[in-house]
Amino acid sequence: MADRGEFSSRFGFLMAAAGSAIGLGNIWGFPTNAASNGGAAFLLVYLVLVFGLAWPALMAELIIGRHAQANAVRALQGLARGPFTRRLGTFVGFAGILTVSLILSFYAIIGGWMLAWAVEAPARLLGLDAVSSWLRTDAVPRNALFDALFMGLTILIIMAGVRNGIEKWGTRLMPSLILILLCLIAYVLTLEGAMDGLAAYLIPDFSEALDPQLIINALGQAFFSLSLGVGTMLIYGSYISQRESLSTVGWMVAALDTSFAFLAGLLILPAMYVALASGVEIFDADGALVAGPGLIVVVLPALFDTMGGAGGFISFAFFILMSIAALTSSISMLEVPVAYVVETRGISRHRATLGIGMLITVISLTIVANFGVLFDSVVTLTTEYSQPLLGLFFAVFVGWIWHRKGVLEELQKGHAGVEHTLFWKWWPFYIRYICPLAILAVYVQLLRG
């Protein structure tokens, strides 16, 4: 088997895993979800679900990964008790690889938008009006070029391996991401309208906290945000040293992701209301806050345009922030199929990354060329239908198929006496019963419409 590599430090793992979890969904999905679902009520429910359900599910993937020291397919096959569960493990592993590859194919398009807008700001500042106008135009040539560029950056990092690629760039990009975010928050909060955004985000309406749709939205946000169900955290778990305490690093990843989501809310919601105070429309035809890509490539650029000379610099910083967030997630996605091919086919990491990366790029460019038909369909299929179901199976493998003694032995590596901790007293029950039922409830609700 090819040398798999290993994270050299806890900090390196935390930055890489947090980078996988912290992506574009945190920056526009979480804040607008919070604003549309009772503000602080959504925050409260989200926190409960992150640490009550999503974190236990995250732990399941990390434990499977480090135990197996293998890709998702081999890892789940290794937990099987017989022919049926082995076939089930094979199916779930391959479904995860396919799902994460399709997620990357549409994620790269959005990442390309972020790169295009990041380049647009300096072009405008330099007086290159024709270039600036082209970069602002949502057209196939621009989208295809920056889609391919974004995938190229992702491929180059994964080619370099675990320590020299994933860990090296994770430890550089994540601190930069947090620094830029904090600077932008500090600036936006000084502008007219920002306090109205803070009120929409933080003042509670607890009457909505028990709304079933709010709970489903919060749970879906928690699982998608932590990159659960598609094997990314399993793969990263397989690169964790045996000396590390999995229960410790697991909650650290969840805490970092949740903290970043909260900080993103402190930027996006005030920025939206600053835009409103500047005459930019932030509500759609139904009276709801603009969310998703429309927020990032319509509302916020319009806000930056109202800021005069400073707008170009703020725009550049913001879209560099968005590009970094996208890249730290995309590298974890590409690592999933690459790890499988390297370990099972005996192909070098360089060739595997290039081949798989090119294939996903072709799929992504096909979506660009048929955006109206394919984009929403691929997003819905992968993130709303496939991911929750795969998350359910990961919980079933740890809670029902893998022997409890084996789970405990893996946790005891790097954490002697873990069987006496509060974590071990409640986590096995959660992963066996609560997590599968909660994920199944979300999945059934999605199927019902």
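Compared with the direct C-alpha span, the chain from Leu408 to Asn164 gains 84.7 nm at full extension, assuming 0.36 nm per residue. Scaled against the 2.2 N^0.38 Å expected of a compact globular protein of N residues, the Cα radius of gyration of segment 10-448 reads 0.96.
Shape of segment 355-394 from its Cα gyration tensor (a ≥ b ≥ c, root eigenvalues): rounded if a/c is under 1.5, otherwise prolate when a/b > b/c, or oblate?
Values: a/c = 6.02, a/b = 1.50, b/c = 4.01.
The shape class here is oblate.
Relative intensity of segment 118-240 on a log10 scale, I(q)/I(0) at q = 0.13, 0.20 Å⁻¹, equals -1.04, -1.20, per a Debye sum over C-alpha point scatterers of equal strength in the absence of solvent.
Where does the chain land at 222 nm, in deg cm²/dmol rounded to the nearest 500, when only DSSP H runs of n ≥ 4 count, each adding -39500 (n - 2.57), divided by all residues?
Details: 21 runs with 318 residues, N = 449.
About -23000 deg cm²/dmol.
Nearest 20 debye, what's the magnitude of the dipole of segment 10-448 about its Cα centre given +1 on Lys and Arg Cβ and -1 on Asp and Glu Cβ?
Working: 22 positive and 24 negative charges, 414 e Å.
About 2000 debye.
Each of Glu410, Glu335, Glu384 was scored by other Cβ atoms within 10 Å of its Cβ. Arranged with the fewest first, they read Glu384, Glu410, Glu335. Look at where the Cα atoms of segment 412-435 and of segment 346-407 average out, and the two centres are 28 Å apart. Working from label points 7 Å from Cα in the Cα-to-Cβ sense, the Trp251 to Asn370 distance is 4.8 nm. The Cα-based radius of gyration and maximum Cα-Cα distance (Dmax) for segment 175-238 are 17.1, 48 Å. Which parts of segment 296-316 would a label at Thr190 reach, counting a residue when its backbone N lies under 16 Å from a point 7 Å out along Cα-to-Cβ? Counting only backbone N, you get 307-315.
Reported to the nearest whole Å, the Cα centre-to-centre distance from segment 50-70 to segment 143-203 is 25.
Apply the membrane-span-like helix rule to the chain: whole DSSP H runs, Cα extent along the own long axis of at least 30 Å, mean Kyte-Doolittle hydropathy at least -1.0. List the helices found. Present the calculation step by step, with values, prior to reporting the outcome.
Numbers: long enough: 83-125 (63 Å, 1.12); 168-188 (31 Å, 1.55); 246-277 (47 Å, 1.71); 309-345 (54 Å, 1.33).
Qualifying helices: 83-125, 168-188, 246-277, 309-345.
In segment 310-373, the convex hull through the Cα atoms has an average projected area of 6.1 nm², a quarter of its surface area.
Could you give the size of the charge dipole of segment 77-168 about its Cα centre, using +1 on the Cβ of each K and R and -1 on the Cβ of each D and E, expressed in debye and rounded to the nearest 20? Could the numbers behind the result be given before it?
Values: 8 positive and 5 negative charges, 112 e Å.
The dipole magnitude comes to about 540 debye.
On a full-extension model of 0.36 nm per residue, what is the gain between Thr137 and Phe11, subtracting their alpha-carbon distance, rounded to one decimal in nm?
Values: separation 126, 0.36 × 126 = 45.36 nm, distance 4.00 nm.
This chain segment gains 41.4 nm when fully extended.
Put simply, segment 72-180 fits an ellipsoid with semi-axes of 39, 18, 10 Å; these come from the alpha carbon gyration tensor as the roots of five times its eigenvalues, largest first.
Compute the length gained on full extension between Phe283 and Leu437: take 0.36 nm times their separation in residues and subtract their Cα-Cα distance, giving the result in nm to one decimal. Gain on extension, Phe283 to Leu437, equals 51.9 nm.
Rule-based calculations on the coordinates, nothing more; no lab input. The shown structure was predicted, so the numbers you read here are calculated from the model rather than taken from an experiment. Here Cβ is always computed from backbone atoms with ideal geometry, including for glycine, and neighbour counts include all displayed protein chains.
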